[in-house]
Amino acid sequence: MSTRGTTETRKKLVVVSAGLGSPSSTRLLADRLAAATLGHLDAVTEVIELRDLATETAQHLVTGFPSARLAAALDAVAAADGLIAVTPVFAASYSGLFKSFFDVLHKDALTGKPVLLGATGGTARHSLVTEHAMRPLFTHLRALALPTAVYAASEDWGGQGLAQRIDRAGAELARFMAPATAAPAAGTAAAVAPRSLTGAVTSVDPADGFEVVPFEHRLAALRAAAP
């Protein structure tokens with residue numbers, strides 16, 4: 001982690017890992033996503049291991065009162081400039097521990113906050129868990145779930161494809177946390193989807209030499225050419 005700047009001016013990145021073991025592939029993915037983000041951004045990082053807060057989270061669900069340690073974790077998430085959230089797959093979805101933590105988080109804590117989603121599992125068959133389970137959860141919490149989510153099956157570790165996805169996701173999070181200062185690495189696609197002149201997301205980047213013509217201009221040209 002870079003030491004440039006001061007704690008007051010540097011962004012704060014919080015990493016939430018719901019891995020149950022020690023070590024765990026979930027924590028490994030969380031650490032690699034954090035490292036990829038820090039490769040593009042000078043930030044202070046805090047890691048929250050949910051397994052260490054499991055009992056306190058359950059008690060909070062029942063009593064409505066968090067322990068001092070759980071309250072500190074919830075406050076850290078709320079104060080973060082960006083969040084990395086990684087869960088193991090349980091029954092084709094996020095784990096109960098993962099969901100419970102975000103259930104006790106204040107309903108406005110993630111509003112507008114960029115969140116990088118990650119998940120781990122034993123088979124590639126669960127690779128859409130980030131889309132059908134995690135993304136709706138964070139959309140409900142009004143977070144900004146980033147375009148690139150990373151799922152890692154057991155066979156993905158050590159593969160080049162996983163490393164590339166991690167690098168792209170980290171660059172995206174860095175761009176959303178500090179868009180004025182962070183830039184994508186050489187050979188990395190732009191983190192923010194290119195937009196047309198009207199602001200709509202488009203599949204081509206004008207910087208690549210393509211001319212993006214607004215739809216209404218095309219429609220006007222068709223009307224002018226009509227007999």
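Just the residues that are among the β-branched types (Val, Ile, Thr) and in contact (Cβ under 8 Å) with a residue 12 or more places away in the chain, please, taken from region 44-78.
Val44, Thr45, Val47, Ile48, Thr57, Val77
Going by the conditions given, is Gly21 small (Gly, Ala, Ser), outside any strand (DSSP E or B), modelled with pLDDT under 95 and more than 24 Å from Thr120 (Cβ to Cβ)? Working first, answer last.
On the way: small (Gly, Ala, Ser): yes; outside any strand (DSSP E or B): yes; modelled with pLDDT under 95: yes; more than 24 Å from Thr120 (Cβ to Cβ): no.
No: the conditions fail for Gly21.
If you check Asp31 against the conditions, is it surrounded by fewer than 18 Cβ atoms within 10 Å (Cβ to Cβ) and at pLDDT 95 or above?
yes
Val150 - would you say it is farther than 17 Å from Arg27 by Cβ, of a type outside the set (Gly, Ala, Ser), surrounded by 23 or more Cβ atoms within 10 Å (Cβ to Cβ) and under 17 Å from the mean Cα position of the chain (by Cα)?
Numbers: farther than 17 Å from Arg27 by Cβ: no; of a type outside the set (Gly, Ala, Ser): yes; surrounded by 23 or more Cβ atoms within 10 Å (Cβ to Cβ): yes; under 17 Å from the mean Cα position of the chain (by Cα): yes.
When the stated conditions are applied, Val150 does not pass them.
Which of the numbered conditions does Asp42 fail, given that it passes all the others? Conditions: (1) of a type in the set (D, E, K, R); (2) open to solvent by 40 Å² or more (accessible area, probe 1.4 Å); (3) at pLDDT below 95.
(2)
For region 11-28, which residues satisfy the criterion of being closer than 15 Å to Ala76 by Cα and surrounded by fewer than 21 Cβ atoms within 10 Å (Cβ to Cβ)?
Lys11, Lys12
The values are calculated or read from the model by the stated rules, or taken from the named source; none is laboratory data. Keep in mind that what you see is a predicted model, and the values were worked out from it rather than measured. Virtual Cβ from ideal backbone geometry, glycine too; neighbours counted across all protein chains shown. With ligands, DNA and RNA removed, areas are computed over all heavy atoms of the protein, side chains included. Shrake-Rupley method; radii C 1.70, N 1.55, O 1.52, S 1.80 Å.
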